[in-house]
Amino acid sequence: MKIGITCYPTYGGSGAVATELGLDLARRGHEVHFITYQSPFRLRGYAKRVFFHEVDTTISRYPLFDHYPYELALASRQYEVAMQERLDLLHVHYAIPHATAAYLAREMLRQTYPIKVITTLHGTDITLVGQEASFYAISRFSIEQSDGVTAVSKFLRDETYRAFGCVQCELAVIPNFVNLADYRPGVATARDSLVPPDHKLLVHVSNFREVKRVKDVVRIFARLRRAMPATLMLVGDGPERVDVEQEARDLGAADDVHFLGRIDSAAPLLAAADLFVLPSQSESFGLAALEAMACGTPVLATRVAGLPELITDDVEGLLEPVGSVEAMARRAIDLLRDPVRHARMREAALARAAQFSTDVVVPQYEAYYDRVMAR
Ligand code: GMT
C-alpha cells in the first residue's frame with residue numbers, strides 16, 4: 001500500500017507513534033510518505049521505502065497573515081503528494097488540524113480518484129483541544145468525515161463518543177506500541193555513570209505541559225528523598241519547566257534533580273531507572289510508561305483515563321488518584337525498600353510491555369487499513 005502520514009513532528013507521543021508506525025509499515029513492504037512541516041523527531045537517517053515531504057511554511061510571514069493558515073498549506077501538500085505518488089490512503093494523527101486538512105485534500109482529489117482518510121485520535125485532541133468551543137464543531141465534523149477512526153485506548157474511544165456524540169463514526173481501538181529492539185533492559189546506561197552507588201534512580205519523560213503535573217513528580221521525589229538517597233532525572237522540555245525547576249529549589253531537592261531537556265532516545269535511561277513516574281491529570285494511553293515498562297522499569301502513575309488499561313495496580317506498577325502526592329511517595333518508598341517485590345514488578349512490566357510490541361500492534365493497523373479500503 002502507499003500511505004501518507006501526517007503528524008506533529010515535534011517531541012510528543014502522537015508524533016512518536018505515527019513515526020514508529022510509518023517506519024514499521026515500510027519494513028513490512030508498504031511505501032510511506034510523511035507529510036508535515038518538519039521531519040518527525042524519530043525519523044533519522046535513511047529508511048527504505050520512507051519519504052518525507054515538507055509543507056512549505058516560508059510564506060508564513062506575509063504581512064496580511066496575522067495567523068498563518070497552516071492547514072491550507074498542509075491540505076495542498078497532501079493533495080500534491082497523493083496525486084504525484086498515487087497514495088492509497090492518508091493516515092493522520094491528532095485530529096486538529098490534521099483530519100480537517102485531510103478532509104480538504106480528499107475533496108480536492110474527488111474528481112481524480114477516491115483516496116481514503118484514517119484519523120487516529122491520541123488524547124488532548126479529544127480531551128482538551130477538541131472540546132474547546134472554537135474547535136468543537138470542526139473536530140466533530142472532521143472525525144465524522146474520516147473514512148476510519150482509531151483511538152489509542154478504550155477510554156479515549158468512550159470519551160470521543162461521550163463528548164462528540166459521533167453518531168456516524170465507528171471507532172476502532174488500536175493501542176500504542178513499543179519497539180522491543182530499542183526499548184529493552186539490555187540498553188541501560190551503566191548506573192555508576194548516572195547516580196552515586198547508594199542512590200535510587202527515578203525518571204520522568206514528558207513535554208512538560210500542565211496536563212503532565214510535572215511539579216507532582218518533584219513533590220513525590222522530595223518526600224521519597226527524605227526516606228532514602230535518590231536522584232530524579234527529568235527528560236523533555238515545555239511550558240512548565242521553569243516552574244518545576246523552582247519547585248525543586250523550593251523543596252530543597254534541587255541538588256538531586258537533573259533536567260536533561262529533550263534527548264533523542266530515553267531508552268538507556270529508562271532501563272537504568274528503578275521507577276518511572278507519571279502523575280498526569282489525564283493520559284489517554286501513556287506511551288512513555290509503556291516504553292519504561294519495556295525496559296523493565298515499574299511505573300508510579302495516576303489511576304486515570306487510559307493508564308489502568310496498561311497498568312494493573314501492584315502488578316506492573318503503582319496507581320493512585322491524581323494529586324495524591326503523599327500516597328504516591330509512601331508507596332514508592334515501600335516498593336523501593338523491598339527488592340523482591342521490585343524484581344517481581346520488573347518482570348511483570350516486561351511481560352505486559354511484550355503484549356504491546358510493534359509485531360503485535362502494527363498488524364492491527366494493517367488489518368484496519370484493509371477494512372477501510374474495502375468499504
Ligand atoms: O494528546 C496529547 O497530549 C498529545 C499526545 C502527544 O503528542 O504527546 O499525547 C497523547 O498521545 C500519546 C500517543 O498516543 C499517548 O500515549 C498519550 O497518553 C497522550 N497524552 C494525553 O492523553 C495527555
Looking for something crowded, with 24+ Cβ neighbours inside 10 Å, touching a His at 6+ places or on another chain (Cβ under 7 Å) and under 16 Å from His98 (Cβ atoms) - is there at least one such residue anywhere in region 119-131?
yes
Among what's in region 244-267 and is of a type in the set (A, V, I, L, M) and in a helix (DSSP H, G or I), pick the residue that is nearest to the chain's Cα centre (by Cα).
Ala267
Picked from region 143-171 (must be in contact (Cβ under 8 Å) with a residue 60 or more places away in the chain and away from the ligand (no atom under 14 Å from the Cβ)), the residue nearest to the chain's Cα centre (by Cα) is Gly148
So which of Ala354, Ala273 is out of contact with any Cys (no Cβ under 6 Å at 6 or more places or on another chain) and more than 22 Å from Ile220 (Cα to Cα)?
Ala354
Residues satisfying the stated conditions in region 113-142, i.e. assigned to a helix (DSSP H, G or I) and within 13 Å of the ligand (Cβ to nearest atom):
Thr124, Asp125, Ile126, Thr127, Val129, Gly130, Gln131, Ser139
If Gly236 meets every condition in (1) closer than 27 Å to Val362 by Cβ; (2) surrounded by 16 or more Cβ atoms within 10 Å (Cβ to Cβ); (3) in contact with a helix residue (DSSP H, G or I) (Cβ under 8 Å, 6 or more places away or on another chain) apart from one, which number is that one?
(3)
Whichever residue in region 81-121 is within 26 Å of Gly12 (Cα to Cα) and of a type in the set (Val, Ile, Thr) and, among such residues, is modelled with the lowest pLDDT:
Ile96
Somewhere in region 64-87, is a residue more than 18 Å from the chain's Cα centre (by Cα) and closer than 19 Å to Ile174 by Cα?
no
Residue check: is Glu210 surrounded by fewer than 23 Cβ atoms within 10 Å (Cβ to Cβ), out of contact with any Leu (no Cβ under 6 Å at 6 or more places or on another chain), more than 26 Å from Glu309 (Cα to Cα) and of a type in the set (Asp, Glu)?
no
Find all pairs meeting these conditions: Cβ atoms under 8 angstrom apart; at least six residues apart or on different chains; first residue within region 236-256 and touching a residue at least 24 places away in the same chain (Cβ under 8 Å); second residue in a loop (DSSP other than H, G, I, E, B) and of a type in the set (A, V, I, L, M, F, W, C).
Gly236/Phe208; Asp237/Phe208; Gly238/Phe208; Pro239/Phe208; Glu240/Phe208; Arg241/Phe208; Val244/Phe208
Restricted to region 92-112 and to residues being in contact (Cβ under 8 Å) with a residue 60 or more places away in the chain and more than 14 Å from the ligand (Cβ to nearest atom), the residue farthest from Arg371 (Cα to Cα) is Ala101
With the requirement that a residue be farther than 30 Å from Asp359 by Cβ and part of a loop (DSSP other than H, G, I, E, B), what does region 167-202 give you?
Val167, Gln168, Leu194, Val195, Pro196, Pro197, Asp198, His199
Return the residues of region 1-14 that are within 13 Å of the ligand (Cβ to nearest atom) and of a type outside the set (Ser, Thr, Tyr); say none if nothing qualifies.
Cys7, Pro9, Gly12, Gly13
Those residues that are of a type in the set (S, T, N, Q) and within 20 Å of Val173 (Cβ to Cβ), I need them from region 269-322; list them, please.
Ser280, Ser282, Ser284, Thr312
Counting just the residues of region 15-25 that are closer than 18 Å to Ser206 by Cα and either surrounded by 24 or more Cβ atoms within 10 Å (Cβ to Cβ) or of a type in the set (Val, Ile, Thr) (or both), which one comes out nearest to the ligand (Cβ to nearest atom)?
Val17
I'd like the full set of residues that are in contact with a Gly (Cβ under 9 Å, 6 or more places away or on another chain) and modelled with pLDDT under 95, limited to region 183-206.
Ala188
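The values are calculated or read from the model by the stated rules, or taken from the named source; none is laboratory data. These numbers were taken from a predicted model, which means no experiment stands behind them. Methodologically, a virtual Cβ is constructed for each residue, glycine included, from the backbone with ideal geometry; neighbour enumeration extends over all protein chains shown.
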